[in-house]
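This report concerns only the one structure given below.
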Amino acid sequence: MHKVEDIKVEEDLLAANRELALLNRELLDANKVVAIEVSGAIGSGKTTLIELAAQNLKEYRIAAVAGDVVASLDARRFDKLGIPTIALNTGKECHLDAHLVSHALEKLPLDELDIIFIENVGNLICPADFDLGAHSRVVVVSVTEGDDIVAKHPAIFRRANLVVINKVDIAAYVEADPHKMEEDARKINPSLEVIQVSARKGYNIDRWLNFIARTVQNKR
Ligand SMILES: Nc1nc2c(ncn2[C@@H]2O[C@H](COP(=O)(O)OP(=O)(O)O)[C@@H](O)[C@H]2O)c(=O)[nH]1
Ligand SMILES: [Mg+2]
C-alpha cells in the first residue's frame, strides 16, 4: 500500500518531469527537430528498428539517444552507423526521464538534425508515466514475449502513437498470434496505429519508414 506522503512525492516528481518535457519539446520545435521515443522490452527489436531507419532514410539527418541501465552497447551500434549518438545511463532507474534527455539534447547538434530517436530502457512498465518531450511514442513488442503481453501492460499503450509488433517471422514457432496482439492494442487505444513487421526479414519495414516520414511531415 502507498502511504499518502509517497503518493504526494510521486505526483510532484511526475509534475516536475512534465514541465521539463515541455521545455525539451520547445527546444526541439525551435530547432525543427522531431523526436521519436521507442520503448519496449529488452530484445523486442528497438535498436534494430532504429538502425533500419538510419540506414534507409538517408534524406533525413538522424541522431540517436540510447537509454540503458549501465552498458552502452546500443550506443555503440548507433555509433557504427555514423550517426550522432548519446548514451544515457540511468543507473538503477528503469526508465529515462525528461531531465536526462535534456542533457542529451544539450550535447547534440540540434540545428543540424531532422530526427532524434530516443531508445528508452527496456521494459513495458516504468517508461509509461514519463513524458520525455518526444513528439511521438512508439512501443515495440515481439511475438516471443507471448501474445498476451499487450493485454498485460495497458498503460504504455494508452499513451503510444504506434505499436510495432515485431518478429512475426517466428510467430508460428513460438505459437503466438500477432493478430490477437493487434486487437488487444486497438482495444486499449482505438486511435493507435499498429503494424506487424519482421525487422530481420524486412517484412512491412516500409510501413515503419512511412510512419517516421509522416511524423516528420506533420511537424513541418
Ligand atoms: N527473428 C527475429 N529476430 C529479430 C527481429 N528483430 C530483431 N531481432 C533480433 O532480436 C534481438 C534483439 O534485438 P534488438 O534490436 O537488440 O532489441 P532491443 O533490446 O529491443 O533493442 C537481436 O538478436 C535481433 O537480431 C525479427 O524481426 N525477427
Ligand atoms: Mg536496444
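The values are calculated or read from the model by the stated rules, or taken from the named source; none is laboratory data. On a predicted model such as this, the values are computed, not experimentally measured, just so you know. Cβ sites come from the backbone with ideal geometry, for glycine too, and all protein chains shown count toward neighbours.
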Residues in region 156-167: is at least one touching a residue at least 24 places away in the same chain (Cβ under 8 Å), surrounded by fewer than 18 Cβ atoms within 10 Å (Cβ to Cβ) and within 16 Å of the chain's Cα centre (by Cα)? yes
The residue from Glu37, Glu59, Glu51 that alone is farther than 22 Å from Ala98 by Cβ, buried (at least 19 other Cβ atoms within 10 Å of the Cβ) and out of contact with any Ser or Thr (no Cβ under 6 Å at 6 or more places or on another chain) is Glu51
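Hey, among Leu96, Leu124, which residue is within 13 Å of the chain's Cα centre (by Cα), of a type outside the set (Gly, Ala, Ser) and within 13 Å of ligand 1 (Cβ to nearest atom)? Please lay out each step first, then the result.
On the way: Leu96 fails: within 13 Å of ligand 1 (Cβ to nearest atom).
Step by step, each of Leu96, Leu124 is checked, and only Leu124 is within 13 Å of the chain's Cα centre (by Cα), of a type outside the set (Gly, Ala, Ser) and within 13 Å of ligand 1 (Cβ to nearest atom).
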Does Arg214 count as among the basic types (Lys, Arg), at pLDDT 95 or above and assigned to a helix (DSSP H, G or I)? yes
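With respect to Leu81, is the statement that it is under 30 Å from Tyr203 (Cβ atoms), surrounded by fewer than 18 Cβ atoms within 10 Å (Cβ to Cβ), of a type outside the set (S, T, N, Q) and away from ligand 1 (no atom under 16 Å from the Cβ) true?
Values: under 30 Å from Tyr203 (Cβ atoms): yes; surrounded by fewer than 18 Cβ atoms within 10 Å (Cβ to Cβ): yes; of a type outside the set (S, T, N, Q): yes; away from ligand 1 (no atom under 16 Å from the Cβ): no.
So Leu81 does not fit the description; no.
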Need pairs with beta-carbon distance below 7 Å; first residue over 23 Å from Leu73 (Cβ atoms) and within region 106-121, second hydroxyl-bearing (Ser, Thr, Tyr) and surrounded by fewer than 19 Cβ atoms within 10 Å (Cβ to Cβ); sequence gap 6+ or separate chains. Asp114/Tyr60
If you check every pair at least six apart or on different chains, which have Cβ atoms under 9 Å apart with a residue in region 65-77 that is within 8 Å of ligand 2 (Cβ to nearest atom) first and a residue that is assigned to a loop (DSSP other than H, G, I, E, B) second? Ala66/Ser72; Asp68/Thr90; Asp68/Val121; Asp68/Gly122
All but one of (1) more than 15 Å from the chain's Cα centre (by Cα); (2) modelled with pLDDT under 95; (3) crowded, with 18+ Cβ neighbours inside 10 Å hold for Asp68; state the number of the condition that does not hold. (1)
Check region 119-142 and report whether any residue there is away from ligand 2 (no atom under 16 Å from the Cβ), in contact with a Lys or Arg (Cβ under 9 Å, 6 or more places away or on another chain) and at positive phi. yes
From the options Ser142, Ser136, residue that is touching a residue at least 60 places away in the same chain (Cβ under 8 Å) and more than 30 Å from Asp29 (Cβ to Cβ): Ser142
Among the candidates Asp129, Asp147, which residue alone is away from ligand 1 (no atom under 11 Å from the Cβ), among the charged types (D, E, K, R) and under 18 Å from Ile195 (Cβ atoms)? Asp147
Could you run through region 78-88 and say how many residues are touching a strand residue (DSSP E or B) at 6+ places or on another chain (Cβ under 7 Å) and either within 11 Å of ligand 2 (Cβ to nearest atom) or not in a helix (DSSP H, G or I) (or both)? 7
For His179: the one exception among (1) surrounded by 15 or more Cβ atoms within 10 Å (Cβ to Cβ); (2) over 30 Å from Gly91 (Cα atoms): (1)
If a residue has to be more than 18 Å from Arg200 (Cα to Cα) and touching a residue at least 60 places away in the same chain (Cβ under 8 Å) to count, how many in region 145-155 make the cut? 1
Filter result for the condition that a residue is closer than 19 Å to Ser136 by Cβ, of a type in the set (Asp, Glu), at pLDDT 95 or above and within 16 Å of ligand 1 (Cβ to nearest atom), over Glu59, Glu37, Glu26: Glu37
Residue list for region 26-53, filter: outside any helix (DSSP H, G or I) and within 16 Å of ligand 2 (Cβ to nearest atom): Ile36, Glu37, Val38, Ser39, Gly40, Ala41, Ile42, Gly43, Ser44, Gly45
